[in-house]
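S.K.: Right, I'll just put the structure down here and ask away after.
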Amino acid sequence: MAKLGFFERQERARRNTTLLVFLFTAAVLLITLVVDLVGYLVTRNVEPTAHFGVWLTSEQGIFTSIAVVAVIGLGSLIRWIDLAGGGERVARMVGARLLDPSSQDPQERQLRNVVEEMAIASGVPVPDLYVMDNETAINAFVAGYSPGEAVMVVTHGTLTQLNRDELQGVVGHEFSHILNSDMRINVRLIALLAGILMIGQIGQFLLGSAGRRRSYSSRDNKSQGLAIGLGLALMLVGYIGLFFGRLIQAAISRQREMLADASSVQFTRNPEGIASALYRIGESSSYFQSTGHASDVNHMCFSETVRMRFAGWLASHPPLEDRINAIGPGLLARFRNRRRDDVRQARPTVEDDARGSLFRDGLQDMVAPLAGRHTTPVAPHTRLSDSAGVVTTANEEYAQQLLRQLPDNARTLLYTRTGAVQYCYSLIFHSMSAEEREQALSGIREARGVLGFDPALIERFYPTLEQLGEAIRLPALELAMPALRKLDPEERRGLEKVLTHLVRADGRVTLFEFALLSFIHRHLSPAGRRADKVRFRRFADVADSLGILLSLAARSATESPEEAQKCYTEAVAGFEGRTVDLGPLRDNVSSRALQEALIRLRALSPMLKPAIIDACGHCILRDNQVVVREYEILRLVADQLDCPMPPLPVAAV
């Protein structure tokens, strides 16, 4: 299988959405025809009709068709509205418990460590973690409408039966679904299948209702018999709907699961981890026992949640053996030859787990410490778009080192709502003088309750910011996102207002302050949960916005106006032509102009976005060094274009 980049995978996710709509429409049409046929057979003795085609265009046929489509549409709409809460709603639907960040349980802390390392390395916010305490099977899934509000749900069996390498393989698989834009279509699939199954549920209701009435009275046997016959027929239609639902799940899901397995190996550099997890499922089970929604989330999970017939056709996941053989042809035989009753190696302690290497290739810590590092050497000829949605060994090593250097007290504070809010304040106050802080604090009325200023807590973050420097600012903000997402809508809006006031208090907005506000708005506002619609498929449509962004990149990456002009000319050369003119280098770029430019560029087709990332990268990497100001431009652009960007690839020292 050809290796796909992040933007190609996004485009394929959009095509999968089109395929889903087509399959759903086809299923609705076929179910409607089957119900029409049932209606024709039931009523032809009452009102004789020449043949089915005539009945189909009669008043009864048209009414029946409209009623079936309405019932299916209503069922899908109800579930669609029910799932408007995104990943959090799906987690509650299956009875999962939100994982407490301060939990001292070694297995839960191990899960959080693995997830946080993967999140920092991949450049996406840390997802909220949930545990299905009553499920002993090995399984997991991610849900949500965007990476910024994703949740990861794991079963109790996943925590207790898998070692760290196996758990990491499962987490890497689920992060692939986040990076490949699979989550949104998975949640939509739940809603659409609910409508398809609605006809069968009505049949079950009619059958049960007729049976109960028959037990109390023997009158009107004819109508009861008709109700029973109709109920059985609709239940049969329900099974047909279930068949089509499974068929749609299989069409959408199977290939993505193989891609996610391959991506997990790519992320972790440890094929045996995920392969061993799959083998353990074969030894035990992945089927849910305690939730009534196992079938609803089957297509979202790491492995099958329910048993089914005709699994070769209708399963949402390829057979376990096929998945293991695809990862490594000799792995299955190796697992089978091992004694199944071998004593599993003792689990590492939490301290060892936090300090241990995530991979088996023995990489050492980076030579230079993070503290005081103002520039980062990068490999020559690096194409930043190739890093989108990819986790490398260097990224993981960087994330591990960063987490090891982050003090425990600061990390614990980031897991609380109050601590996360105060950390946001500290990012702004840290570079201010005492007089500037007093001026910034004046006139703020929204800062009450959890948003109130706590100088003691704010100052507790200063040593960390001074010790680790600018390198910790955005990664620590990503660690704080699960806690910030727990703010209620009014508190989220209040936080954004307070931060905006603090940033503008001195009459200027630095690039980092703009990035901070953009990140908060993108991941905490309702608008951030909505998928960006593709409105532009040519660079000519966004030429002015592209010129604004590249002007900022060129000026930030150079010291003199002459060098900025040269850098800008080089960056725009790949876009300009007979129909595209990005205009001259802009002397000044206001925060409003930059914000509007990024909004328009977000609406570009995913296949056009790599060129923008690489053009910004050309400016940033001209000297094969990245200063903090340049890195903040990179992360700002990547985040606003919905493109997870990991730490930069470090050149060999």
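Read-outs throughout are calculated quantities, based only on the coordinates presented, and are distinct from any laboratory measurement. Because the structure is a prediction, the values reported are computed rather than measured. Here the Cβ positions follow ideal geometry from the backbone for every residue, glycine too, while neighbour counts run over all protein chains shown.
S.K.: Taking neighbour Cβ counts within 10 Å as the exposure measure, how do Glu108, Glu570, Glu257 sort from fewest upward?
M.R.: Least to most surrounded, the residues fall as Glu570, Glu108, Glu257.
S.K.: Okay, next question. Nothing charged except the Cβ atoms of Lys and Arg (+1) and of Asp and Glu (-1): what's the magnitude of the dipole of segment 363-653 about its Cα centre? Round to the nearest 20 debye.
M.R.: It comes to approximately 1020 debye.
S.K.: Under 19 Å Cα-Cα from Lys533, which aspartates and glutamates qualify once same-chain neighbours fewer than 8 residues away are excluded?
M.R.: In chain and number order, the partners are Glu8, Glu11, Glu149, Asp182, Asp541, Glu596, Asp639, Asp642.
S.K.: Using each residue's phi in segment 505-513, evaluate 6.51 cos²θ - 1.76 cosθ + 1.60 at θ = phi - 60° and report the 3J(HN,Hα) Karplus result to the nearest Hz, with x for Gly and Pro.
M.R.: 5, 8, x, 9, 10, 6, 4, 5, 4
S.K.: Something else now. With unit charges on the beta carbon (Lys/Arg positive, Asp/Glu negative), name the residue among Ala447, Pro482, Met432 whose Cα is farthest towards the positive pole of the charge dipole of segment 428-506.
M.R.: Highest projection toward the positive end goes to Pro482.
S.K.: If one computes the Cα centroid of segment 586-632 and of segment 239-260, what distance in Å separates the two points?
M.R.: When both Cα centres are located, 38 Å separates them.
S.K.: Taking the Cβ of each residue in Thr392, Thr412, Thr158 as the centre, tally the other Cβ atoms inside 10 Å and list the residues starting with the fewest.
M.R.: Thr412, Thr392, Thr158
S.K.: Another question about this same structure. Over segment 363-653, what relative contact order in percent results from Cα pairs under 8 Å that are six or more residues apart? Kindly include the intermediate steps, with their values, before the conclusion.
M.R.: Values: 321 pairs, mean separation 88.6, N = 291.
The normalised contact order for segment 363-653 reaches 30 percent.
S.K.: Order 159-172, 68-81 from most to least packed using the mean count of other Cβ atoms within 10 Å.
M.R.: 159-172, 68-81
S.K.: Ranked highest first by the average count of other Cβ atoms within 10 Å around their residues, in what order do 124-135, 53-64, 497-508 fall? Walk me through the numbers on the way to the answer.
M.R.: Numbers: 124-135: 23.2, 53-64: 14.7, 497-508: 16.4.
Averaged packing, sorted descending, gives the order 124-135, 497-508, 53-64.
S.K.: Order these peptides, 289-302, 459-472, by their mean beta-carbon neighbour count within 10 angstrom, highest first.
M.R.: Numbers: 289-302: 20.9, 459-472: 17.4.
Put in order of decreasing packing, that is 289-302, 459-472.
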